[in-house]
Amino acid sequence: MLSVLVSLVESVAFSHVVAALSALYLFNYIQKIQRPQLHCGEGKWKNKLTTGLKMLQEPYYPTFWLYLSHANTVIGNLLKKQESASYEREILHLSDGGVLALDWAHAKEPKSIVMIIPGLTGNSQSNYICHVVNKCVLQGSTVVVFNYRGTCGVELRTNMTYSATWKGDVAEAVKHVRRECSVPLIAVGSSLGGMILLNYLATHGADSGVDFALTISTVFDVMKSAVEMEKSINKYTLNYYLARMLVGQVERHTARFESIADMEATKKVHDTSAE
């Protein structure tokens with residue numbers, strides 16, 4: 001009799017927990033359903049966006065079973081189809097003696113040129129970049145992917161690599177691409193690439209050589225983002241992953257850095273904030 005009673009209590013308790021968690025999940029999901037926010041100065045451009053983009057008039061519904069940001073990032077990458085893109089590589093020689101790769105994917109009779117600046121550890125071979133490249137070419141745009149110094153199989157010829165504050169390489173690449181095209185130039189920056197692009201546009205303004213620009217998943221408050229990267233799940237997932245990817249990039253250029261850096265200590269780094 002006692003065992004039956006205990007079993008009943010446990011089953012009721014379990015059902016209550018499931019119900020409570022389900023209610024909490026549903027409540028949080030509903031909180032995410034809202035119209036996209038448009039931050040734009042008043043004027044003709046804002047009016048054109050609000051009337052021309054249907055998505056701004058409708059609420060956004062996250063994937064019901066995958067609306068949590070971390071789960072969306074991880075599972076989304078696991079489920080996304082692996083794509084590749086065909087490129088013609090051009091080596092751009094920079095003013096300080098460095099080089100970087102510009103990978104071109106050409107469209108027939110292009111309507112525009114889309115220049116893509118990847119995220120922190122991204123390059124022209126990254127799956128998310130290949131998806132964008134193929135879609136752009138299909139829509140009639142030639143694409144050029146900007147690869148950071150020392151990445152994507154290119155030799156690092158100087159001690160300079162890349163960072164969010166260094167926009168000089170993007171400036172030289174834009175100037176070079178601008179000379180090659182007679183159609184509109186659209187610059188797209190993802191994550192770190194978006195930070196560099198915004199920095200470049202803010203500095204050069206109307207003289208940037210860019211006709212249209214788009215940034216995706218760009219950090220607006222770097223210090224706050226750095227603090228968030230040190231917290232709980234971020235520290236042991238995103239932070240660790242990015243740090244190990246960066247260490248791998250440095251290791252590929254050991255001969256360049258071993259005289260100016262402690263490579264053994266570098267190999268042990270597992271945190272992007274490590275000094």
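The values are calculated or read from the model by the stated rules, or taken from the named source; none is laboratory data. This is a predicted model, so every value here is computed, not measured. Backbone-built Cβ (ideal geometry, glycine too); neighbour counts: all protein chains shown. Heavy atoms of the whole protein, side chains included, go into the accessibility calculation; ligands, DNA and RNA do not. Shrake-Rupley method; radii C 1.70, N 1.55, O 1.52, S 1.80 Å.
From the list Leu53, Leu79, Leu94, pick out the single residue that is at pLDDT 75 or above and within 20 Å of the chain's Cα centre (by Cα). Before the answer, list the steps.
Working: Leu53 fails: within 20 Å of the chain's Cα centre (by Cα); Leu94 fails: within 20 Å of the chain's Cα centre (by Cα).
Leu79 is the lone residue from the list that is at pLDDT 75 or above and within 20 Å of the chain's Cα centre (by Cα).
The requirement of being open to solvent by 70 Å² or more (accessible area, probe 1.4 Å), in a loop (DSSP other than H, G, I, E, B) and under 30 Å from Asn159 (Cβ atoms) is fulfilled somewhere in region 80-95, by at least one residue. Residues of region 132-167 that are crowded, with 16+ Cβ neighbours inside 10 Å and not in a loop (DSSP other than H, G, I, E, B): Val132, Val133, Asn134, Cys136, Val137, Ser141, Thr142, Val143, Val144, Val145, Phe146.
Scan region 97-107 and give yes if some residue there is within 30 Å of Asn28 (Cβ to Cβ), at pLDDT 80 or above and open to solvent by 70 Å² or more (accessible area, probe 1.4 Å), otherwise no. Let's see the steps before the verdict.
So in region 97-107, the residues within 30 Å of Asn28 (Cβ to Cβ) come out as none.
No, region 97-107 contains no residue that is within 30 Å of Asn28 (Cβ to Cβ), at pLDDT 80 or above and open to solvent by 70 Å² or more (accessible area, probe 1.4 Å).
Out of Ala265, Ala261, one residue alone is surrounded by fewer than 17 Cβ atoms within 10 Å (Cβ to Cβ), within 19 Å of Met160 (Cβ to Cβ) and of a type in the set (A, V, I, L, M, F, W, C). It is Ala261.
Restricting to region 168-182, count the residues that are open to solvent by less than 40 Å² (accessible area, probe 1.4 Å) and modelled with pLDDT of 95 or more.
The first filter runs over region 168-182 and keeps only residues open to solvent by less than 40 Å² (accessible area, probe 1.4 Å), leaving 168-171, 173-174, 176-177, 181.
Pick out the ones that are also modelled with pLDDT of 95 or more and you get 168-171, 173-174, 176-177.
Residues flagged as open to solvent by less than 40 Å² (accessible area, probe 1.4 Å) and modelled with pLDDT of 95 or more within region 168-182 amount to 8.
Within region 111-131, if we keep just the residues that are out of contact with any strand residue (DSSP E or B) (no Cβ under 8 Å at 6 or more places or on another chain) and in contact (Cβ under 8 Å) with a residue 40 or more places away in the chain, the residue that is most open to solvent (accessible area, probe 1.4 Å) turns out to be Gln125.
Please find, among Ala101, Ala107, the residue that is in contact with a Gly (Cβ under 7 Å, 6 or more places away or on another chain), in contact (Cβ under 8 Å) with a residue 12 or more places away in the chain and either outside any loop (DSSP other than H, G, I, E, B) or of a type in the set (Gly, Ala, Ser) (or both).
Numbers: Ala101 fails: in contact with a Gly (Cβ under 7 Å, 6 or more places away or on another chain).
The match here is Ala107.
One residue stands out among those in region 214-228 that are more than 15 Å from the chain's Cα centre (by Cα) and hydrophobic (A, V, I, L, M, F, W, C): the one that is surrounded by the fewest Cβ atoms within 10 Å (Cβ to Cβ), which is Met223.
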